[in-house]
Amino acid sequence: MGRGLRQRLRWTSLLWVPVLSSVVVPSPAIARSQPELPAVVAPAEPLSVSGSSPRTETLRSKLRDLTHGTLLGKLRVGMTVHDAHSGEEVFALNSESPFNPASNTKIFTTAAALSVLGADFRFRTTLWAPVKTDLSAAEVIHGDLFLQGSGDPSLQPSDLADLIRDLSRRGIQQIDGDIVLDGQFREDSDLERGVPAPTHGGGALMLNRDTYRIRVMASSVGHNARVTLEPSSPYFVLHSSVKTVAGKKSKLVVSPHRKDDHLVVEVRGRIGAKRGSASVKKRVPDARDWIVTTLATVLRDTGIRHSGKIRIGSAPPGPLHVVADHRSQPLSEICRVVNKDSNNFVADVVWKTLGAVRFGLPQSLEKGARAVSEWLVPLGFQPERLHLINGSGLTYENRVRPSDVGKLLLRLYHSLELGPEFMQSLAVGGIDGTIHYRFRGQSHGLVRGKTGTLNGVSVLSGYVGSHPGVLVFTIFVEGFRPKRLPQVRQLQAQIVEVLLKFIRSGADPSPSAPPGPTLSPADDPSEEDVGVSDEEPL
């Protein structure tokens, strides 16, 4: 057996153990909340999917029955199934027809980014000072500091605090000048020169993805509900007048407005005691104001004296040099947010970053699309078969063919370079991400997938089984009314259950019992429905 094959077998067998090792270790509270996983019983031999074998023909018959049933038979369905080991096609339906991939677009986004940028790519957020500043000897920085970002979607207030604490650790006790920021993209090389650095568009600085979340928890009837705001910050001033009422009905109104240097968030209305809790995510009008308040707070906490202002403005004239540097989480971790949680905002940030790294600033969706197309060509894809205009799938314009999605998933499965990181970015059935509430029966922990949802569109693609018995599947469904979404998802889950039964037992692959209750997009907190806006309704 060759060394490369041994390595592939090693990582794929490790990958499909239900409890996965991860760069980030969950807290004890999170670990305790996860159900105990069943042992995996994998076939001793790779799957036998011979085109004419009775088992394979029975499987195809069951899949045809499901895809031509009472509901799916009236809709537009595209599907592929391949044996991951051999690459042999097991089943196909409308596999060469263009479909809207919705959030399955993120498969292309993350795979291309991990390949071109690298799994350890990190965004930088930096503090710049005049070149004459020598931190090795000085206790005072003379002149203005400038905060420059690179579009880090994982940046948190605590990361800005670390930048200032880094100055304190270096012995800086006073800043004799302003701290300036404007959120524009710039080239580091331009800041290092002695001329004003040109700008290349906004979006370089954000905090907590420019969002905050309000949580409302019912108390006893007639009393005030408990209302909290995350993340905690002096920038937010929370005013609440929410009452707990009998029953399930709730009516909540969130009204944010600027006052002085703060964002005042008023929450009023009522919440039903039987509903228990509600939450809403809102966008910050201008994250730069939040950053200004955060920096002022950290300066006071660290004891660094500051004689100037913290203000929004252009970079001071150069030459400048970096005096503090924050590196983001690695791209591999950021891709888990994109795929597991199906986060649209982060997906488009990654897409545009890929384009800018490949073709230069300013960032744009068009450059991202060009970079992804360029990456696909050497892999044997024909760019004209795909039409992708963004990285999130938040559009009705994207088009792919199920066969191309299946082909990419197969290539990623066999890639020693990309496979491990990409696989671990996908949601795991019954455990996390957008399929946390699906696959809770015998398939628990044995499905890795990427969902996609738009009005009238539902997509589920990924892998099912355990090495060496793994099938690669894509299931596209279009043309249904929104109220049918739970049924469509349930049927997609049944198809995957049929595939798993084929893998595990070789018995008649009839659909097992439905994999637990299927939730609607409004009830499933882990499903980011791309048919809604960035602000979630209460």
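The values are calculated or read from the model by the stated rules, or taken from the named source; none is laboratory data. Treat the numbers as computed from the prediction; the structure is a model and nothing was measured. Counting neighbours? That spans all protein chains shown, and the Cβs are built from the backbone with ideal geometry, glycine included.
Residues of the stretch 245-261 being outside any loop (DSSP other than H, G, I, E, B) and surrounded by fewer than 13 Cβ atoms within 10 Å (Cβ to Cβ), which ones?
Matches in the stretch 245-261: K251, V253, S255, H257, R258, K259.
Can you find a residue in the stretch 207-221 that is more than 30 Å from the chain's Cα centre (by Cα) and on the phi > 0 side of the Ramachandran plot?
So far as the stretch 207-221 goes, no, none of its residues is more than 30 Å from the chain's Cα centre (by Cα) and on the phi > 0 side of the Ramachandran plot.
Select from the stretch 197-230 the residues that are over 30 Å from L320 (Cα atoms) and either modelled with pLDDT under 95 or of a type in the set (D, E, K, R) (or both) and list them in ascending order.
Across the stretch 197-230, the qualifying residues are R213, R215, R226, E230.
Please find, within the stretch 52-101, the residue that is surrounded by the fewest Cβ atoms within 10 Å (Cβ to Cβ) out of those that are of a type in the set (S, T, Y) and over 12 Å from I475 (Cβ atoms).
To start, the set of residues in the stretch 52-101 that are of a type in the set (S, T, Y) comprises 52-53, 56, 58, 61, 67, 70, 80, 86, 95, 97.
Checking the rest, the ones that are also over 12 Å from I475 (Cβ atoms) come to 52-53, 56, 58, 61, 70, 86, 97.
Working: S52: 6, S53: 11, T56: 19, T58: 16, S61: 11, T70: 8, S86: 13, S97: 15.
Of everything passing the filter in the stretch 52-101, S52 is surrounded by the fewest Cβ atoms within 10 Å (Cβ to Cβ).
Which of (1) surrounded by 15 or more Cβ atoms within 10 Å (Cβ to Cβ); (2) in a loop (DSSP other than H, G, I, E, B) is the odd one out, the single condition Y212 does not satisfy?
Only one criterion in (1) surrounded by 15 or more Cβ atoms within 10 Å (Cβ to Cβ); (2) in a loop (DSSP other than H, G, I, E, B) is unmet by Y212, namely (2).
Mind telling me which of the residues V284, V264, V242 ends up being surrounded by fewer than 18 Cβ atoms within 10 Å (Cβ to Cβ) and either in contact (Cβ under 8 Å) with a residue 24 or more places away in the chain or under 19 Å from V227 (Cα atoms) (or both)? Even if it seems obvious, please write down each step before you answer.
Details: V284 fails: surrounded by fewer than 18 Cβ atoms within 10 Å (Cβ to Cβ); V242 fails: surrounded by fewer than 18 Cβ atoms within 10 Å (Cβ to Cβ).
None of the other options fit; the residue is V264.
Could you list, in sequence order, all residues of the stretch 108-153 that are within 14 Å of R186 (Cα to Cα), in a loop (DSSP other than H, G, I, E, B) and of a type in the set (F, W, Y)?
F123 - this is the single residue of the stretch 108-153 that is within 14 Å of R186 (Cα to Cα), in a loop (DSSP other than H, G, I, E, B) and of a type in the set (F, W, Y).
Is one or more of the residues making up the stretch 185-197 surrounded by fewer than 20 Cβ atoms within 10 Å (Cβ to Cβ) and touching an Asp or Glu at 6+ places or on another chain (Cβ under 9 Å)? Break it down into steps so the answer makes sense when it comes.
Taking the stretch 185-197 and keeping what is surrounded by fewer than 20 Cβ atoms within 10 Å (Cβ to Cβ), we get 187-190, 192-196.
Among the residues that remain, those that are also touching an Asp or Glu at 6+ places or on another chain (Cβ under 9 Å) are: 196.
Yes; the residues of the stretch 185-197 include at least one that is surrounded by fewer than 20 Cβ atoms within 10 Å (Cβ to Cβ) and touching an Asp or Glu at 6+ places or on another chain (Cβ under 9 Å).
Considering each of L454, L491 in turn, give the residue that is in contact (Cβ under 8 Å) with a residue 60 or more places away in the chain and over 16 Å from N104 (Cβ atoms). Give the steps one after another, and end with the answer.
Working: L454 fails: over 16 Å from N104 (Cβ atoms).
After applying the criteria, what remains is L491.
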